[in-house]
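Structure record follows, encoded as structure tokens.
The values are calculated or read from the model by the stated rules, or taken from the named source; none is laboratory data. As the structure is a computational prediction, the values presented were derived from the model and not from experiment. In this analysis, Cβ positions are derived from the backbone assuming ideal geometry, glycine residues included, and neighbour counts consider all displayed protein chains. Side chains are part of the model used for accessible areas, which takes the heavy atoms of the whole protein and leaves out ligands, DNA and RNA. Shrake-Rupley method; radii C 1.70, N 1.55, O 1.52, S 1.80 Å.
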Amino acid sequence: MSDFSIGKQYAFVIQQLTSREIKRKYARSYLGILWSVLNPLLSMAVLSLIFSQLFRRSIENYPIYYLTGYILWQMFTGATTAAISTLVDNKPLLLKVKFPMELFVLTRAYTALVNFLYSAAAYVVMLLVFQITPKWTMLFSPVIILLLFLFSLGLSYLLAAAYVFFGDIRHLYSVFLTLWMYCSAIFYPVEQLEGVIRVIILCNPLYAYIHSLRGVVMEGVLPGGWELAQMFMWGIGMMAAGMFIFRRSKNKIIQKL
């Protein structure tokens, strides 16, 4: 079988698995996939009501400021938290079907990307509602999203492999995500912080992606050289590390399953 035929077959498998994941996620919901659109909007409305007055002097267009960070955060957490248990969840299929194990992790991350695209539709509508002027720098947005996806996928491989051997990783990661969220400056301006906490946030890979997207969408500014290097290093570096460790662990994972 040619490489093209194998690639086409794998693409079909990912498509089918992604469809299954989306249907399972919204199986008991009347609105279904619309929650991917409504969830960020409802969250934006609540947080804007609470914080827009507090930060009105330092943040222009707070609803868009928050929504930009929130949809990226949702894509990242959606990919990584879903991927943690994917090998265990699909154990019968993994042991019976001779598809690459990586496809199951990739499917969970890709599902989060699909959900992000639905949220992005609502995001574009909000840009029009709040009269954000279209800027040529917005064309750089897909690069930021792609690099964040690579970062998320690389971490997903690490978490999925770790969960097979250490089931408590899911609970530990949940706690860590709470801390990570508050260190990503999703709903507050980092400029108001000083000292060690500000340094931590500026070194946070998630903040680099969020800040860059805010810049190209809201300010018409491309990421600076260091920030661009950060995004590429974190995205490609995490992807490479995740794939390397995952593939080195495949035999042990099969034995443990």
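Some points to look at:
- When restricted to residues that are of a type in the set (D, E, K, R) and either touching a residue at least 24 places away in the same chain (Cβ under 8 Å) or surrounded by 21 or more Cβ atoms within 10 Å (Cβ to Cβ) (or both), the range 193-218 contains 1.
- Applying the set (1) surrounded by 15 or more Cβ atoms within 10 Å (Cβ to Cβ); (2) in contact (Cβ under 8 Å) with a residue 12 or more places away in the chain; (3) more than 16 Å from GLN74 (Cβ to Cβ) to ILE144 leaves exactly one unmet item: (3).
- Single match in LEU49, LEU67, LEU38, LEU34 (criterion: at pLDDT 70 or above and in a helix (DSSP H, G or I)): LEU67
- Condition met for LEU106 (open to solvent by less than 70 Å² (accessible area, probe 1.4 Å), out of contact with any strand residue (DSSP E or B) (no Cβ under 6 Å at 6 or more places or on another chain), touching a residue at least 12 places away in the same chain (Cβ under 8 Å) and on the phi < 0 side of the Ramachandran plot): yes
- Test for TYR157: is it within 27 Å of SER19 (Cα to Cα), open to solvent by 40 Å² or more (accessible area, probe 1.4 Å) and among the hydroxyl-bearing types (Ser, Thr, Tyr): no
- Taken together, the criteria place VAL190 among residues that are among the aliphatic types (A, V, I, L, M), open to solvent by less than 40 Å² (accessible area, probe 1.4 Å), within 20 Å of TYR66 (Cβ to Cβ) and without any contact (Cβ under 8 Å) to a residue 60 or more places away in the chain.
- Residue match in the range 161-169 (condition: outside any helix (DSSP H, G or I), open to solvent by 50 Å² or more (accessible area, probe 1.4 Å) and under 20 Å from ALA79 (Cα atoms)): yes
- With respect to the conditions (1) open to solvent by 80 Å² or more (accessible area, probe 1.4 Å); (2) in contact with a His (Cβ under 9 Å, 6 or more places away or on another chain); (3) not hydroxyl-bearing (Ser, Thr, Tyr), PRO223 falls short on a single one, namely (1).
- Any pair with Cβ under 7 angstrom, 6 or more apart, that starts in the range 232-257 at a residue that is more than 20 Å from LEU146 (Cβ to Cβ) and ends at one that is hydrophobic (A, V, I, L, M, F, W, C) and surrounded by fewer than 19 Cβ atoms within 10 Å (Cβ to Cβ): LYS256/PHE165; LEU257/LEU95
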